[in-house]
Each structure stands twice: as structure tokens, then as C-alpha cells.
Amino acid sequence: MGVVPAEELSSARAEADTTGQGVVDTLLARKTIKPADVTRAKAAQFGSEMVNLSELRLADDVISAIPRHIAKRYKVIPIYRSEGSVTVALSDPADLDTIDSLNHLLNAEIQVQVATEEDIDNAIERYYGGAKEDSVGKMIQDITEGEVDLGGVTIGAMDSDDGSTVDADAPIIKLVNTIIVEAFKSRASDIHLEPLEKRFRVRYRIDGMLHEIKSPPKRLQAPIISRLKIQSNMSIAERRIPQDGRINMNVGGKSIDLRVSCLPTNHGESIVMRILDKEGLKLGLPELGFFTDDQQTFERLIGLPDGILLVTGPTGSGKTTTLYAVLNYINRPDRKIITVEDPVEYVMSGINQVHVSETVGLTFAAALRAILRQAPNVIMVGEIRDLETASIAINASLTGHLVFSTLHTNDAPSAVTRLIDIGVKPFLVASSTRALIAQRLVRKVCKRCGAAYSPSDHELKALHLDPVNMKGANFLKGKGCNDCKNTGCRGRFGIFEIFVIDDQARKLIYDKVTSAVLRARAREMGMRTLREDGTRKVVAGLTTFEEVIRATVGDFD
């Protein structure tokens, strides 16, 4: 295969003769070859196909072809099944004893494909549950290996209304708790439990990307949903309308807070749990992803005595985390800070936080009016949704208050158009707005497996990079390891577009120009677009081309 040079092979043969080791073992010990090279060579020798298990999504009915204890004992993973035949992945196609044993144990014809030992171990952990005693896969396996008695009601017969009668040690309660604990340990931001037509899917959102985990059988759907509704103080009798709730749990001595949303769908109720990470509050401005020059600009803006600063971006782009980090940065005993949120996601000491409640008439606008009589220095409005909220926030900024808020627009200059669109007078926008900041989140290159990388011409062209000027660039890409769950990325940070409003920009806003004209002015002032800021961070080796291209649109000017 050309992996080992002839002189290296001669030297290894001589050493193998001396030590009594095999040539292959000697080459492995010297790190001349990798275990994956050996696996590939064996596959080629026996005419078997090499398969990458991390790229496959194996269905429950395929995994059930081989019981967990057999898969672990023989180090095999089923990847396809048909009537009377099972295709398995193993690391050594020459291991006829294993193939023969599987043939008898499964009473089926065994077809062989080859995967690396590490790949098989990871797949066994993913689909069957690893060595951890309380892994989700193991819990599901224990429950599904037979009908389990839950306080006198078997799971197969349990109706969702019976959830409240389950005793504290019931397997369903342990399974639900384990799903939440594993999500927290995996650094997930959300847990999605989705009823589909023939299965009940569980997914974790980790670093913004959804990952499917071993899912419970469809028959466990009703008791699991009932258990979660009970925990989050929802009505288990009501299945026709959306409901919201919260769950507080202790995990390894840490208190975690989950915001729970329940939505009726065609095949049952879908539940999404947002894990509120209090550690995000302790982020400093560099941890948010600011380079030194942008950080200095940002620190100057949040130190202003009055005016309004708007952070824009779609849902899930980190706007709230940025605002909390800002409040944490400026939270001093000599400043009174009040926030109006829907809902209050994190409780911060030293800050007065108001929870909006539409049902009792405490809207953003009503809360803001009352807040102004509390004589605050800084106000944070969770989101500007309508003219009334926008008008009061802007008037507050004109009467000596520093106001932070968020808005849903795609870039920074579009925020002006959006405010005027909902009815705010252009002269009010022009005189009150100090800066507009757009942001997106991109994944960081994993520190453990990140390695030097040569980008293609297509990637360089997408980010307008000239190969001639890229001599000192530090392009990195993660190879994938256990630390990052073979994704090559671990953690996220922000890329930013900061538009500081100057006198000329104010005149343009007053004249009601289009966002394209305003954007051109911002570029003249030196505003970097989201893609340009992302490109800087790619060149510095912090993130990858794919991440920036995925999160931003191209710059046409």
C-alpha cells in the first residue's frame, strides 16, 4: 500500500527477528504505521469493504440484531440486517472464530465489513451505552429487556395519566434523570424529545449542532413525557395546547435550571428543554470572542452614560449571553441596573430583574414605564418587539439612561430600518442610537485534536483570501477525538459586526436612507462585516472555513 518505505521495513524486519515480535507489531511500536493502516490493509487483503462507523446512523432495529453483551464480548457492530443475514463491522476479518461464533449465536449468515478498533469501541458506547453505569443506552436496554413493574403498572400498559403514581425509584424516573444528566455532561444547550410516527427520537444540541442519541422505544413515549410534565409543574391532563415550565436539578453538586416547552404534534407531545448554563454569566469580553481592537471599542460603548445599544441576530446567536456578560462587566455598587426579561433566564446578584407576565398585564412596555420611576442608571430590555416598547426604551435612553436591548435582524445596519419599520420616528432613532452590534456563533477548533490544515482554492475564494498573502496564516482543523466527540470542534464563540453611529450616519438615518446606503457608510467608517470578522478568526486558527461560511452570508461590496 506504500505506507512503509522499503528501508524502514528492512530495519523493522531485523528488529522483529531479534525481539521475536511480529513485523507489524514492531512497526506499530515504532509509530511508523497507525492501527487504522493495519485495519485498512487487512480489509484489502480479504477483499472486505472498509466502513466509517462515525458517519453512519444505525436504526434501532439494526442494533437490536446483536444483543449488547455479544457486541461487547466480540467487539462487533451490526450495520445492516436482512432476512436470515446480518452484516457486521469488526476490526479483524481474519478472525474466523468470532465470525463462526456469531453465526451460531445469531442463527444468521454473517457478512463482514471492516472498521478500526477505536471506531467500533466508540460505536458500541454510542449505541449500547459505554462503561458508565447510568448511561442512557444501558438504562433503555435494562428497561426494554422485559416488562418492568412500575408501582403495579407495566410500561407496556402504562397510560400517560398514570405518570403521577410512579414511585421515586421507578426505572422511568431514572431514565429521564439520566437523559438530563448526560446532556449536561455532554455540554448540551438543549434536549429535544420528539415523537415521530414509528419512533421516539431524543437529540442533544451540542455547540449548536443536533446529535441523536440512543432513543427509547416508542412505547416509553407517554410515561417519559408525563414524568417531565410533572417535574416542570405542567398539567398532564392537558394535551391540546402548548405549555411551559421549569425544572431545577442538582447534578454533581451543581444546581442546573431547565426551561421546558411542551408542544402538541401529530404523533404526541414534543418536549424541548433548554439547559440554562450559569457559567455563561461569568464570561469576560475576550471569552465572548472579541479581538483586542473590537473589545476596546465595545468597552468604550458600554461605558457611555446614556444612549441605546442594540445587539441583533437570529434566535440562538448568543445575544442574551452577550448582554449578561456586559451587565456582569458593568455591575458595580455605584450603578443601579434593572432588567426586563421574558423570562428571567439567569438570576444575577446586585441586579433588579423583572419577569414579564402578559397574563397579568405586565408587558415589556408596562414594566419599562414603572422602571423609569425607580431611577436606574442602566436598563436591559430582553427584546424590542413592538412600537410601544421601542418608544419607551428610546425615550429612556434620551433622558440619561444607558439602555441595552436585542432585535431580530440579519445585520447591524438593518436594525435602523427595522426600528423605523415598526413605527419609531427616524429622528428618535438617529439621536438615541449609539451603536448596533450583529453577532453569530461559530464553533471553536478542538484544542486537543486541532492540526495544521491546507485550505482548498474554493475555500480561500469563498472568504476572499489571496493565497499569496497567506504565508503566516495559522489554518487549523480538528481531526476528531473523544474530547470533541469526533466532530473536530469543541465550544463556541462570537463573530461580530460593530456599527458605531457617527454624525454622518445620524444624518443618513434622519433622511430615511435604505439599509444598503447605511451599510456602505458603515463600511467607509471601517466596520468589519460578520464574514470579515469570521475570516480573521479562521486565519488565526480559532475556527474553520466551514463554520464561517455556514454562519454568514457573502460580502458583495
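Could you work out the local net charge near Ala367, counting Lys and Arg as +1, Asp and Glu as -1, over the other residues with Cβ closer than 10 Å to its Cβ? All intermediate terms of the calculation are to be shown ahead of the outcome.
Working: positive: Arg369; negative: Glu341, Asp342.
Summing Lys and Arg as +1 and Asp and Glu as -1 gives -1.
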For Lys229, go through the lysines and keep the ones whose alpha-carbon is under 18 Å away, minus same-chain ones fewer than eight residues off. Lys174, Lys218
With Cα coordinates, the longest principal axis of the chain makes an angle with the long axis of helix 515-524, in degrees rounded to 10, of 90
What order do you get for 413-424, 198-209 when each peptide is scored by the mean count of other beta carbon atoms within 10 Å, highest first? 413-424, 198-209
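Once Rh for the chain is found with the Kirkwood sum over Cα pairs, what is the Stokes-Einstein diffusion coefficient at 25 °C and 0.890 mPa s, in µm²/s? Could the numbers behind the result be given before it?
Details: Rh = 27.5 Å.
It comes out at roughly 89 µm²/s.
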Radius of gyration and Dmax over the Cα atoms of the stretch 336-421, both given in Å: 12.7, 37
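Ranked from the most accessible area to the least, with a 1.4 Å probe and all protein chains present, what is the order of Lys447, Lys477, Lys485? Numbers along the way, then the final one.
Numbers: Lys447 195, Lys477 70, Lys485 125 Å².
Correct descending sequence by accessible area is Lys447, Lys485, Lys477.
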Give the accessible area for Tyr453 in Å² (nearest 10); use a 1.4 Å probe, count only protein heavy atoms, and leave out ligands, DNA and RNA. 60
Using only Cα atoms and rounding to the nearest 10 degrees, what angle (0 to 90) does helix 171-185 make with the longest principal axis of the chain? 70
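When you count, for each residue, the other Cβ atoms within 10 Å and take the mean per peptide, how do 285-297, 311-323 rank with the highest first?
Numbers: 285-297: 16.2, 311-323: 19.9.
Listed from highest to lowest mean packing, they are 311-323, 285-297.
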Tell me, what % of the accessible area of the chain is carbon and sulfur with a 1.4 angstrom probe? 50
What figure in square angstrom, to the nearest 10, would you give for the accessible area of Leu398 with a 1.4 Å probe? 80
Helix 117-128 against the longest principal axis of the chain: what's the angle in degrees, Cα atoms only, rounded to the nearest 10? 70
Write out the cysteines belonging to the chain for which the nearest other cysteine Cβ is not under 4.7 Å, or none if no such cysteine exists. Cys262, Cys489
Step through the residues of the stretch 35-42 one at a time and calculate ³J(HN,Hα) from phi using the Karplus curve (6.51 cos²θ - 1.76 cosθ + 1.60, θ = phi - 60°), rounding each to whole Hz and writing x for Gly and Pro. x, 5, 5, 5, 4, 5, 5, 5
Under a 1.4 angstrom probe, counting protein chains only, how are Leu53, Leu210 ranked by accessible area, largest first? Leu210, Leu53
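Please give the net charge around Pro216, taking every other residue with its beta carbon less than 11 angstrom from that of Pro216, where Lys and Arg add +1 and Asp and Glu add -1. Please report the intermediate quantities before stating the final value.
Details: positive: Arg199, Arg201, Lys214, Lys218, Arg219; negative: Asp60.
With Lys, Arg at +1 and Asp, Glu at -1, the net is +4.
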Any lysines whose Cα falls less than 22 Å from that of Lys425, other than same-chain ones fewer than 8 residues away, would be Lys507, Lys512
Give the separation of the Cα centroids, the stretch 4-68 to the stretch 469-509, in Å. 38
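If Lys and Arg each add +1 and Asp and Glu each add -1, what is the summed charge of the other residues whose beta carbon sits under 12 Å from the beta carbon of Tyr510? Don't skip to the end; give the middle numbers.
Details: positive: Lys425, Arg506, Lys507, Lys512; negative: Asp503, Asp511.
Local charge sum for Tyr510: +2.
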Set of lysines near Lys336 by C-alpha distance (under 28 Å), chain-local residues within fewer than 8 positions excluded: Lys278, Lys282, Lys319
Please give the solvent-accessible surface of Thr487 in Å², to the nearest 10, using a probe radius of 1.4 Å with every protein chain present. 50
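Just to confirm the filter: which GluC sites (Glu not before Pro) across the stretch 34-137 are DSSP coil and have at most 16 other Cβ within 10 angstrom of their Cβ?
Values: sites: Glu49, Glu55, Glu83, Glu109, Glu117, Glu118, Glu125, Glu133; in loops: Glu49, Glu83, Glu133.
Counting only loop positions with at most 16 other Cβ atoms within 10 Å, the GluC sites (Glu not before Pro) in the stretch 34-137 are Glu49, Glu83, Glu133.
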Solvent-accessible area per residue for the chain (1.4 angstrom probe, square angstrom): 49
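The values are calculated or read from the model by the stated rules, or taken from the named source; none is laboratory data. Note that the coordinates shown come from a computational prediction; the quantities given were computed from them, not determined experimentally. Positions of Cβ are backbone-derived with ideal geometry, glycine not excepted, and every protein chain shown enters the neighbour counts. These accessible areas exclude ligands, DNA and RNA; they are computed on the full protein's heavy atoms, side chains included. Shrake-Rupley method; radii C 1.70, N 1.55, O 1.52, S 1.80 Å.
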